[in-house]
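Participant: What follows is a single structure, and I will ask about it in a moment.
Readers should treat all values here as calculations from the given coordinates under stated rules, not as data from a laboratory. All values derive from a computational prediction rather than experimental measurement. Here Cβ is always computed from backbone atoms with ideal geometry, including for glycine, and neighbour counts include all displayed protein chains.
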Amino acid sequence: MGVKSKAAAAIVVLLLFLGSLWIHGGLDYHWESCLKGYKQVNTLPQLYNSSEADGAGAPLVMEGCPGQTFQVALLFSHLLAAPAYTSDVLMKPYLSSWDELVRFMEALGPMVGLISREIESKTSIIRQLALLSEANPEAELGPDIHSINGVTTESGTKNTQKASQHNAAYYSVRSMIWVELNQGLVDFHHQTDSGCRTLLRLHRALLWLKLFLEKLAETPAAGRLRSPSELCREAYQNTLANHHTWFVRRAAELAFIAMPERGFFFRLVCVQSQEELKTVLNRVVQAIGEVYDRTQKALEENNMLDLP
């Protein structure tokens, strides 16, 4: 095998290795500034939110991007649908949010495409567990589930009507935690494919994406706009790097070098300027933050923030 062939083979092995490791202990990011995976969309979502206005005083309108796989408006709608009751997160829109975030990462090029497939494997684990639960009625929730999702009213009483209508084991974050703990499926000392451990990996990755988008939306009062590569590296160092080995952290640093330039992200969310990007991303980051905070609280209350 020639030198060039050996080098090419080594690169392929490295990419596959990083893609499989990033969510446990490796983050990667990459590639060219061109949109990929285009498809024609007949009906595109439009979201109106009049509770907060943009700079001009008009309600925010988040429109679909014609012919593009990733749709920021669809991501936003899933994120808004995820919070439930007073402190819970519905699993179906949560996973749908990840589906759209996977499309976001795939649009960034081949390297991130490898990473996104690792995330898809995590969402698939939870979906498969949900299907298995539905196929085994004897494993369904008991009456104590009402204490998880019940809503406390002003009078101090519990409203469990909605909770009783949706008592599937993997209906929400808190129902999943309750069931897996009750059935002894969560191992606090060894790696397993429990939904709770899988959720924790997705949860950590969500914080990284939240921080990256938050930084990408920033408009400095003076000086240049920092490159997405620099911002992604910084977001990684403050989040996922805390859970990764030295080798994976170094590999991630190298991977950030080929991040697309800022203009790519304008096109990805269909905006024309940094101010427009800021308006859209700030709203998305706010929605991610609500989902993240609720999940964080549920995991923390059950001592699950350090599952192996």
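Participant: Using Cβ counts within 10 Å as a stand-in for footprinting exposure, how do Ser194, Ser97 rank, fewest first?
Facilitator: Details: Ser194 23, Ser97 26.
In increasing order of surrounding Cβ atoms, one gets Ser194, Ser97.
Participant: What are the residues whose amide H is under 5 Å from the amide H of Ser172, where those residues sit 5 or more places off or on another chain and H is modelled from the backbone?
Facilitator: Met91
Participant: For the range 216-308, what class follows from the C-alpha gyration tensor (a ≥ b ≥ c being the square roots of its eigenvalues): rounded when a/c is under 1.5, otherwise prolate if a/b is larger than b/c, else oblate?
Facilitator: It comes out oblate by the Cα gyration axes.
Participant: Below 8 Å between Cα atoms, with a sequence gap of 6+, how large is the relative contact order for the range 178-301 in percent?
Facilitator: It comes to 31 percent, rounded to a whole number.
Participant: In nm, to one decimal, how far is the modelled label at Gln296 from the one at Glu234, with both set 7 Å along Cα→Cβ?
Facilitator: 1.9
Participant: Applying a 10 Å radius around every beta-carbon, put 76-86, 268-278 in order of their mean neighbour count, most first.
Facilitator: Going by the mean number of other Cβ atoms within 10 Å, highest first, we get 76-86, 268-278.
Participant: Excluding Met304 itself, what net charge comes from residues whose Cβ is under 13 Å from its Cβ, given Lys and Arg +1 and Asp and Glu -1?
Facilitator: The answer is 0.
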